[in-house]
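Please read the structure below before turning to the comments.
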Amino acid sequence: MKYWVDTPKDENFKEKCANVCETYHTSPERAEAGIHTISFDEKTGIQARQPATPDKPIKPGKTVRRDYEYIRHGTQTLLAGMNVVTGEIIPLVSETRTEQDFAKWLNKLLESDPNASGWHIIADNLNTHMSEAAVKIVASIENTPAEELGEKGKSGILKNMQSRSDYLSDPTHKIVFHYTPKHASWLNQIEIWFSILVKRYLKRNSFTSKKT
């Protein structure tokens, strides 16, 4: 048995896919102008697991053997953005992945280069990536009048996810979001880095606490 996603395709799949790919393709040119291109996502439920007994070490012709029983010391969430030109990772470790967590990461990203000419951020369609908190950060930089922002759930830019997404995707802004099509997070390059992190580090280590 193999898993697969049997859901309707995004109506604008081709357009969104082309936009994301073009954003990657032109990122070196933007970098020369001081504009960063960042691939972002969250890695949730990272378990601090400690094997119940020590591993049996690797030997010629034998793989490392690990007891299937383990002690679980809790979980962490990693919010991370990867500069697709330099490979630099901008991380934030958190207990949760709320819109406040995303806003905290976004502020950390902006503080990483106060002199940047601009930012292009590739993200999936999680609601926190189109949140009121994210809009307000961008609005403060764009000097968007408060009356245009309106009120969440009622009016203006903040009215709903679509209105917030449209605002955050505005190509005239200093910070521009590019959203992957629905069910196409594989277009997000940070997923490759997450896979490497799990296979080479998290899966192979023993963690006695969340802090460790």
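The values are calculated or read from the model by the stated rules, or taken from the named source; none is laboratory data. Keep in mind that this is a model prediction, so the values were computed, not measured. Positions of Cβ are generated from backbone atoms using ideal geometry, with glycine treated the same way; all protein chains shown enter the neighbour counts. Calculation scope for accessible area: heavy atoms of the full protein, side chains included, ligands and nucleic acids excluded. Shrake-Rupley method; radii C 1.70, N 1.55, O 1.52, S 1.80 Å.
Close Cβ contacts (under 8 Å, 6 or more residues apart or on different chains) running from residues in the range 190-210 that are among the charged types (D, E, K, R) to residues that are part of a helix (DSSP H, G or I) comprise Glu191/Ser185.
Here Arg66 meets each of (1) over 16 Å from the mean Cα position of the chain (by Cα); (2) open to solvent by 50 Å² or more (accessible area, probe 1.4 Å); (3) under 21 Å from Ile38 (Cβ atoms) with one exception, condition (3).
Restricting the first member to the range 136-157 and to residues that are touching a residue at least 40 places away in the same chain (Cβ under 8 Å) and within 20 Å of Gly118 (Cβ to Cβ), and the second to residues that are surrounded by fewer than 18 Cβ atoms within 10 Å (Cβ to Cβ) and of a type in the set (S, T, N, Q), no beta-carbon pair is closer than 7 Å while six or more apart or on different chains. The residue of the range 187-212 that is surrounded by the fewest Cβ atoms within 10 Å (Cβ to Cβ), among those that are touching an Asp or Glu at 6+ places or on another chain (Cβ under 9 Å) and of a type in the set (D, E, K, R), is Lys210. If I ask for residues that are open to solvent by less than 40 Å² (accessible area, probe 1.4 Å), of a type in the set (S, T, N, Q) and either within 17 Å of the chain's Cα centre (by Cα) or on the phi > 0 side of the Ramachandran plot (or both), which ones from the range 125-168 would you list? Selection gives Thr128, Ser131, Ser165. Summed over the range 105-124, the residues that are under 24 Å from Lys43 (Cβ atoms), more than 13 Å from the chain's Cα centre (by Cα) and not in a helix (DSSP H, G or I) give a count of 2. Of Thr26, Thr37, all but one fail to be in contact with a helix residue (DSSP H, G or I) (Cβ under 6 Å, 6 or more places away or on another chain) and either over 25 Å from Ala80 (Cβ atoms) or among the hydroxyl-bearing types (Ser, Thr, Tyr) (or both); the exception is Thr37.
Let's see how each residue does on (1) open to solvent by 50 Å² or more (accessible area, probe 1.4 Å); (2) in a helix (DSSP H, G or I); (3) modelled with pLDDT of 95 or more; (4) among the small types (Gly, Ala, Ser):
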{"residue": "Lys14", "(1), (2), (3), (4)": "yes, yes, no, no"}
{"residue": "Arg30", "(1), (2), (3), (4)": "no, yes, yes, no"}
{"residue": "His36", "(1), (2), (3), (4)": "no, no, yes, no"}
{"residue": "Glu42", "(1), (2), (3), (4)": "no, no, yes, no"}
{"residue": "Pro54", "(1), (2), (3), (4)": "yes, no, no, no"}
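Can you find a residue in the range 108-122 that is more than 25 Å from Ala31 (Cβ to Cβ), surrounded by fewer than 19 Cβ atoms within 10 Å (Cβ to Cβ) and modelled with pLDDT of 95 or more? No - not one qualifying residue is present in the range 108-122. Scanning the range 140-183 for residues that are touching an Asp or Glu at 6+ places or on another chain (Cβ under 9 Å) and among the small types (Gly, Ala, Ser) yields a total of 1.
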